[in-house]
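The structure under discussion appears below in the form of structure tokens.
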Amino acid sequence: MSEASHSPCFPVHSPQNSPFLQKPLSFSPQRSPIIRNLEYTRGRKRKTSFDEHMRDDGSDEDSAEYSVTRTNVDEMDQYNPVKKLRSSLTRHLPLNKLLEPLDRSQLLSVITQLIDNNPQLKNEISSYVPKPTIQSVTNLLSNLERKLQESFPYSKFGPGRDPYTFNRVHHVLIEIQDAILEYACHFTSDEEFPTTTFSYLHTATSFIHRLPNWDDAKHQKLKQSLYARIAIYWRKAIEDAASKLGEGRIYGQLVVGDWARNLDLHNTESNGTFADAVEDFKMKLGWIIGIVPAHNFAQARISALTGF
């Protein structure tokens, strides 16, 4: 080691005694007045924001100064990405994709409102609607029948037949009645072929048989009235079928035999409600299946043409 290293000008220190390790160096710069003012301002804003949410003394001054108006909320909503996305999807989705998730009642509501607002569209929309079929109407009546069963109040003894239960399900009974009669009018029109007409009447009358019988006789009037009114459509169907015979139509014996058996079954099930329809059938169509002599066909044809 050189002499210079032992010189008083260069004292030897151990690492532990180094003056550089006695006190940590501080690299924090002194804050300028500008920085201090900015931090103070930010602190005041945070405190004011907190006070705005916590203040609830109900004074008019505070309300005017701190409350957020509806206009401010609406302005913020327009920058909401979720709402913008939902609105964009609604605009750009095809109409069929918007209608596809809707159930029957929602679709009916849309169409009804459209026609109410644009009455001139009624005929055009009707032209696009498919005609009811036996299958589609049968499905409709089945859904109404299910709705009727679900409307019965719960009882551990099974569905009741008391006045209380009748009042609970009365609105569904009216729906079934209206549907049966409205479609009966449709399917007995001159445009329908007799096989379709008799098929619907058989289906509809079978539904009437399954309607509940009530303890109170006055509540039975709805079912009895429905029997009587559907019997009128049976007689109309028989008359129309006979008139088409006069125009050269020919029905097979198997088909007419099915009509006769179904009508006789319904007459028995309803305790003779269709007796007049049965007599009409025998007189006007019975000769096809041998119920009356074949020579009565001439008289049946005259009756069909003249109405006597």
ask   = What are the residue pairs meeting all of these: first residue in the range 82-104, first residue part of a helix (DSSP H, G or I), second residue at pLDDT below 85, Cβ atoms under 9 Å, and 6 or more apart or on different chains?
value = 83/77; 84/78; 98/90
remark   = Pairs returned, first residue in the range 283-299 that is part of a loop (DSSP other than H, G, I, E, B) and open to solvent by 50 Å² or more (accessible area, probe 1.4 Å), second residue that is basic (Lys, Arg) and at pLDDT 60 or above, beta-carbon separation under 9 angstrom, 6 or more apart or interchain, are 291/282
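Just to confirm my filter: which helices (runs of 4 or more DSSP H) fall fully inside the range 171-277 and include at least 3 residues that are more than 17 Å from residue 132 (Cβ to Cβ) and open to solvent by 10 Å² or more (accessible area, probe 1.4 Å)?
Numbers: elements: 194-209, 221-246, 253-269.
Result: 221-246, 253-269.
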message = Of all residues being open to solvent by 50 Å² or more (accessible area, probe 1.4 Å), more than 30 Å from residue 197 (Cβ to Cβ) and not basic (Lys, Arg) in the range 135-161, which is modelled with the highest pLDDT? Just the residue, please.
response = 150
query = Out of the range 115-134, which residues are in a helix (DSSP H, G or I), at pLDDT 90 or above and surrounded by 11 or more Cβ atoms within 10 Å (Cβ to Cβ)?
reply = 115, 134
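The values are calculated or read from the model by the stated rules, or taken from the named source; none is laboratory data. What you see is a predicted model; the values in this text were computed from it and never measured. All Cβ positions, even for glycine, are placed from backbone atoms using ideal geometry, and neighbour counts span all protein chains on display. These area figures cover heavy atoms from the full protein model, side chains too; ligands, DNA and RNA do not enter into them. Shrake-Rupley method; radii C 1.70, N 1.55, O 1.52, S 1.80 Å.
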